[in-house]
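Worksheet: one structure, shown below.
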Amino acid sequence: MHCIVLVKQVPDVSNIPEDAWDREKGTLRRALLDSILNPLDLHALSFARRITAGDPTAKTVYLTMGPPQAREVLADCISRAPGDAVLLTDRVMGGADTVATAYSLAQAVRRIERDLLGGSRDYLIVTGMQSVDGDTAQVPPQLAEDLGIDQVCYAQDVHTEPELTFRRIGAQGTEDVVPLRFPALVTVTACTDTLYRSFHAARAARSATIHTWSAADVDAAPDRCGIKGSRTTVYRIFSPSEDRAKTCEMMSDPAELVRKVKAKYRLATGGPAVHEEGAYALDGREPTHRGGFWILAEREGDGIKSVSLELIGKAHELAAFLGEHVAAVLPGADAGDLAAELIAYGADTVYAIEHPQLAQFSPLPYRAAIAPLVREHKPQVMLFGATPMGRELAPRIAYACDSGLTADCTKLEIGDYAKGGQSLVGILKQTRPALGGNIMATIMTKDSPTQMATVRPGVFKVPPRDPAHTGDVVRITPDLGDSAAGVRVTSVESFVSKVSIRDAKIIVAGGHGIRNKSDFDGLLQPLADGLEAALGDDAKVAASRHAVEDGYTTHDYQVGQTGQTVAPKLYVAVGISGAVQHVSGMQMSDTVVAINKDPRARIFNYADFGVVGDLETVVPQLVRATKEA
Amino acid sequence: MDGIDILVVGAGPAGLAAGLRAKQAATQAGRDVSVVVLDKAPAAGNHALSGAAFEAACLDDLVPGWREMRTPFVTGLVPVERDDMFFLRAKAANRIPPMVVPSRMHHAGDVIISISRLVSFLAEQAEAAGVEVYHGYSARTLIVENGAVKGVRLGDVGLAHDGSPKGNHIDSEEIRAGITILADGTRGVISTQFAEHFGGGSVSRVYSLGMKAIVQFPEASPFGTNRVMHTLGYPMRPDVFGGGFLYAMGEKTVAVGLILGLDWKYGDLNPQREFETFRAHPFISRLLKGGVTVATGAKTIPEGGYNAIGALSAPGGMVVGDGAGLVNMEKIKGIHYAIKSGMAAADTALEALRSDGSVGALDGYRQRLEGNGVLEDLRHARNYRQVFKYGLFVGTPLSLVSSMIPANLGIHRDGAATRKGARLNRPDPGRMDGATFVALTGTLHREDEPSHIEITDPSRCITCEADYANACTHFCPGQVYRWSGSEVVLSPSNCLHCMTCTVKCPADVIRWAAPEGGEGPRYKQL
C-alpha cells in the first residue's frame, strides 16, 4: 500500500511578532511570520510510516502546493521519513481557495499515480485534517470528490493487521473503518508521537530530488487554478475583539453567588458571541441572486439535531430580507414525522430523501443523494451545521455543485458589495475566524450557483416551534447507482460516554493554591457535582499546569497554553493565580468564577465573580449552596 | 553521505561569521570545503539576545556591500546620535557629564541593532554562500579522542518523562568533522566541556544576567530615536554590579534592559523584579510612557575578561565568541569580537585543512586574535569587571585605571558570593509578573520530555531555605524553580536557556543539559 502524503507550509501562528500586525489595515504581514510544516501533517507522516512499514515495495510520496519556498517542507518531511517529493508550484495557482487547491492537487495526484507509482491504484492519500492558517478542513474532502474516491476523516489510529483499519470518532460515535476500494483518502487528527528530524537524514535531504511541476506539467487548466478558479474571495480581514478583561464582582455570600451564577448561566448561549444583526432592506432593488435558502437537516436519534433547527431559524431571517423561502433537505432511510417537525420550526419545504443506504451517514451515498437535487434547484444559499457529518459532506457537495463553501462561520448577513465596476445586491456575507483565531475574515462567494456555508452549533438560536406553520413535503427516492459506501464501518462505542473537558459546559479547575492531592480530589469533584445538579449540564474537573506538575492529576485535564483551550458556559477557578499562560486557555468562557486566597491574584481580572478566602472553607460552603439552590 | 570538513556548533554571530568566512574563502580559492553550522534554536536568531550598540565595521569585510542590502536587519539599523549616562537615585536622576565617562564607553559611531535580526541576516548570507545551516539540533557532548576534538554528539530525542524511549525515539546522533569550531555562546554546554578538557583561565569566569524588554509605542516614543542611554545606581545597591539601558530601536520602539552582576550577595534577589523596579523609576517610566511591552528575554553575559579566557584551541577544535569569553566589559561589547573571532577561526581552519584530508595545528588562531585587535582590547579591560567586587564606590574610580593595575585580579565564583542570611526584601512593584515575562519570551518545550535540569543533591536545598532563601526560586528569570515546602519542584518547560542557574546556585548542585532541539525561547527582535 503506497502513500501520498499531502503537506502544507503554513505561517507559525503560535509566535506572531508584534510588528507583523498591520493594525490599520487589520491584516497580518505573512512574510514576517516564520514558516513551518503544518503540525497536523506531521501526524499524517507518522500514519503513512506505520502504513508502509514492513513492506519494502511500498512507496511514500510527499506532495505540496505552494510558492517555490515550499520546497522547505518537503526537505523537512524527508528528514523525518524517507520518500519522494513533489512540489507543485506555479504563479497561476497563487491565491487559490479550497476548490482551486483541490483541483490542482487532484491533477498532481493523477500524475503521481501515473509516473511515480507506475499506474498502481493501491494507494492512500494521507493528510492532516486541517491546516492552521485556513483551518477549513475542506481541501481533503474536495480532493476526494475530484478523484471520485472514498474518504475516512478524523482518524485517530491505524492498524495494518489483520486488514487496514482506521479508528475514528464519527457522527455516531467511535468506529473502526476498513476501506474496501482504493485509492482512498484519510485525514488524521493529532494522535501520534510525531517523527523527529534526524540530522543525517536532513543532510541527505539537501541532495534529494524534488520533482517540481507546474500547472502545465499536470494538465491543470489555468482558469481552474488560483484566484481565477476560486469560488470564494476574502472581502475583509479584521482583528477579533482583543483583551477579554472583565469587571469582577466580589462576593462573600456563597448562596448569593450561586444565585447570580445560575441567573447568568440561563442567559448564556455557550458558544461564540451572538452578534447583533442589522436589518437589511432591499428597497425595491433587484437582488443579484434568486432562489431559496436551503439547510441540511441532520438527525440525532429519533429527532433532529439542534444545529439544524438553529439554521432554519437563521435561514428564515436571512431569506425574509429578500422575500425568499426556506427549504430543509432531510436524508435518511425513512423520514417519518421529522418532515413535519422541520416545518413546525420554520421550513417552507422539506425535501425528504429516502433510501435504505442512507440509514447511517456515509459521505459517498449522501453526496450522491443530495448533490443532484441542489444542482437541479440551484438554491441561492445552502447552510450546513459544522458537525462531524457537515464537515465531511458539505465540502464534497459544494465541489460537486461548483460552489464556494465557507466553513465555521460565526456570523452570516445579507449585504451589498460595490467595488470598481462590480455591484452586488443582497449577497451572503460570511464571517469566520482564521489563522488559528488570530484574525476574523469576511468572505463572499463568487462564480457559484449557490453560496454555501457551515456554521458551528450554538452560534444561532433555535427558533420558536409553531405547529400551525404549514409547508410542503417532497418525497424523493434517489438513484444511488454504484455510489455505495466503499468502506466497512464497525461501531466500537456508539455513544461517546467520556466527555472531554473541551466539551464540558461546566468546568471546575484547581491550581497551585490547592495544598495536596487529597484536597484536589476532595474539594473539586463535590463542587462539580453540585453545579451539575444545580445547572443541569455536564461538569468536569480540570487543572492548571502547576497542579499537573504537583501530581494532582494528569495532562489530559490541563487547561492552558500547553494544555487544552476550553470555552465552557461556566468556569470556576479554584486556587489558580491567573498567569497569562493559563488564562489564554479559558478566557473565552462565558462566566468565570474565581476563588483565591490572594485578593491581588491576576485571575480576578478575568472573572465575573470572585471570592477571596481559604479554599478549604469557601469551596464546601459553595457546595452546600448549590444543593440548596 | 560526505564527511564534514568544518563543523560549527552554534549559529550566533560568531558561528555564522566563521561558517560564512570559511565558505567564502574556500570558494574564492577554488576549494571544495563542506561547512556545517548547527544550532539548538527553532529558527535563526531565536536564542540570541543582546542590547545592542554595535560596531558595524566588522561586517564590511565579512559581507561586502551589506549596507546597501534591502533586508529587515539593514533597514532597521539606527545610528547613535545621542548618548547619555545617568545616575539614578530612588526618585531622581542625575546626568553624568560626558567628560567623566571614559572614552571607551562612548557610543558615537555605533549602530543600534537587534542581535536576533543580525543573526537572521547572517544565516541567510551563509546559506546563500553554500554553508549548510541546521536549526533544531542540540549538541550534548563534545567528542574528544586521543586528545583531539572529533566532533559532537547530539542528545537523544523522543524520550518519555521517565527517560524510556517512545515510539519516535532517535538515538543520539554523532557528528564528526575534520575541525570543530565551538560557538555555543555564554556558558555553552560544549565550550564548557572544552574548557574542562583543555584548560580554563587563571581567574574564575563570572557572569552578568541581562533582562530585556521591547516596548512598542502607538506614536513616537517619549525617549526619542537615534539615542542610547545607560544608567547606574537605582535600583541596585552599591554592592550589586550592574546598570540599565534604553536603546532606541526606531521611532516607535525602545529596548529597555537591566544588567546585574551575578555575584550579588542576596539570596532573595529576583532579577525580573529588579527589572520591573527599574522600569517603575519615575525617570524611566516617563521615557516609556504609553508603550506596551511586546517581547521579553534574558541571557547571561560572560564577564571574566582576558584572564578568564582558557584554551582557545586544541587539536581539531577552536572556541569563538562568548563561549570563549571574548566580551569587553569596559565597552560592554562582545558582538563584533564574536564576529572577528569567527573569521579568525575560519581562516585558521582553512589553513589547517590539508588536501590529503589531515588537519594541521590550530595555534594560528590565537595569533590572528592578536593581529585583529581582539585580545589587545580585552587585555586593556582585563581588571575592569573585577574591581567592582569592592563595590560601586571603590570600583568606579578604580575602573578608570583598571588597565594599569599590574596584578591580575581574581574574583569569586558567582554562586559562592551569596551570603548566608543576606536579604534584599525588594517589595513587589506591582507591574509585569514573572509568568507574563516568561510568556513574552515565546519559550516552549515538550512538557513530557525528561527534565534537562537536574538538582544533583536535593539535600542541600533544605539548608538553603534559611541560608539563601532557596535562591534558585528567586534568581531564575524563567520561574523554573518553585519551593514546595520540602523540596524544589521544577517547571523545566519555562526555561529561557539563560544559564544563570549553572553559576548562581550557592551549593553548585544544578546541572543543565541542552533539551531537545528546536525548543526554548523564540526571540525575533531581541
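Throughout, read-outs are computed from the coordinates displayed, never taken from laboratory work. No experiment lies behind these values; they were computed from the predicted model shown. So basically every Cβ, Gly included, is an ideal-geometry build from the backbone, and we count neighbours across all protein chains shown.
With the simple spin-label model, which puts each label point 7 Å out from Cα in the Cβ direction, the A:ASP55 to B:TRP483 separation comes to 6.1 nm.
The A:THR288 and B:SER285 beta-carbon pair, evaluated with R₀ = 45 Å, returns a calculated FRET efficiency of approximately 0.20.
Relative to one another, the C-alpha centroids of region A:525-552 and region A:113-168 are positioned 38 Å apart.
Pairs spanning more than 21 Å between alpha-carbon atoms, out of A:LYS305/A:LYS461; A:LYS59/B:LYS40; B:LYS212/B:LYS333: A:LYS59/B:LYS40.
Taking θ as phi - 60° and the Karplus parameters 6.51, -1.76 and 1.60, the scalar couplings of region A:194-210 work out to 5, 6, 8, 7, 8, 4, 5, 5, 5, 5, 5, 4, 4, 9, 6, 6, 10 Hz in sequence order, x denoting glycine and proline. As a rough footprinting exposure proxy, the listed residues B:GLU303, A:GLU392, B:GLU351 were ranked by other beta carbons within 10 Å of their own, and the order from fewest upward is B:GLU351, A:GLU392, B:GLU303.
Only bridges with both residues in the protein assembly as shown count here: give the DSSP antiparallel percent, nearest 5. Working shown, then result.
Details: 100 of 199 bridges.
Percentage antiparallel, nearest 5: 50.
Distance between the 7 Å Cα→Cβ label points at B:MET99 and B:MET404: 1.9 nm.
Taking square-rooted eigenvalues a ≥ b ≥ c of the alpha carbon gyration tensor, is region A:1-82 rounded, prolate or oblate, where a/c under 1.5 means rounded and, failing that, a/b exceeding b/c means prolate? Judged from the Cα gyration tensor, region A:1-82 comes out prolate (a/c at least 1.5, a/b above b/c).
For every other residue with a beta carbon closer than 15 angstrom to the beta carbon of B:VAL489, add +1 if it is Lys or Arg and -1 if Asp or Glu, then tell me the sum. The partial results should precede the final answer.
Details: positive: A:ARG515, A:LYS517, A:ARG545, B:ARG482; negative: A:GLU549, A:ASP550, B:GLU447, B:GLU454, B:GLU465, B:GLU487.
Once all neighbours under 15 Å are counted, the net charge is -2.
Legend: calculated FRET efficiency, B:ALA160 to B:ALA416, from the Cβ-Cβ distance at R0 = 41 Å, rounded to 0.05, equals 0.65. Overall shape: rounded for region A:337-414, with the ratio a/c of the largest to smallest alpha carbon gyration tensor axis below 1.5. Mean sequence separation of contacting Cα pairs (under 8 Å, at least six apart), scaled by the length of chain B, corresponds to a relative contact order of 21 percent.
Classify region B:375-426 as rounded, prolate or oblate, taking a ≥ b ≥ c as the square roots of the eigenvalues of its Cα gyration tensor: rounded when a/c is under 1.5, otherwise prolate if a/b is larger than b/c and oblate if not.
prolate
3J(HN,Hα) along region A:555-571, derived from phi through the Karplus expression 6.51 cos²θ - 1.76 cosθ + 1.60 where θ = phi - 60°, amounts to 4, 4, 9, 7, 9, x, 4, 9, x, 9, 9, 10, 9, x, 6, 9, 10 Hz, with x in place of Gly and Pro. Counting neighbouring Cβ atoms within 10 Å and putting the fewest first, the residues A:HIS211, B:HIS452, A:HIS2 line up as A:HIS211, B:HIS452, A:HIS2.
3J(HN,Hα) couplings calculated from phi for region A:288-294 with the Karplus curve 6.51 cos²θ - 1.76 cosθ + 1.60 (θ = phi - 60°) are, in sequence order, 5, 10, 10, x, x, 10, 9 Hz; Gly and Pro show x. Note on chain B: helix-only mean residue ellipticity at 222 nm, from DSSP H runs of 4+ residues weighted -39500 (n - 2.57) and normalised by residue number, equals -7000 deg cm²/dmol.
Working out 0.36 nm times the residue gap between A:ASP538 and A:GLU163, then minus their Cα-Cα distance, what length gain in nm do you get to one decimal? Intermediate results must be reported in sequence, preceding the final value.
Working: separation 375, 0.36 × 375 = 135.00 nm, distance 3.79 nm.
Residue separation times 0.36 nm, minus the Cα-Cα distance, leaves 131.2 nm.
Each residue in A:ILE370, B:ILE181 was given a count of other beta-carbon atoms within 10 angstrom of its own, and listing them fewest first yields A:ILE370, B:ILE181. Given R0 = 51 Å, the distance between the Cβ atoms of A:SER239 and B:ARG176 translates into a calculated FRET efficiency of 0.50. Legend: residue pairs B:LYS91/B:LYS289; A:LYS262/A:LYS411; A:LYS264/A:LYS505, Cα-Cα distance threshold 21 Å; pairs beyond threshold, A:LYS262/A:LYS411.
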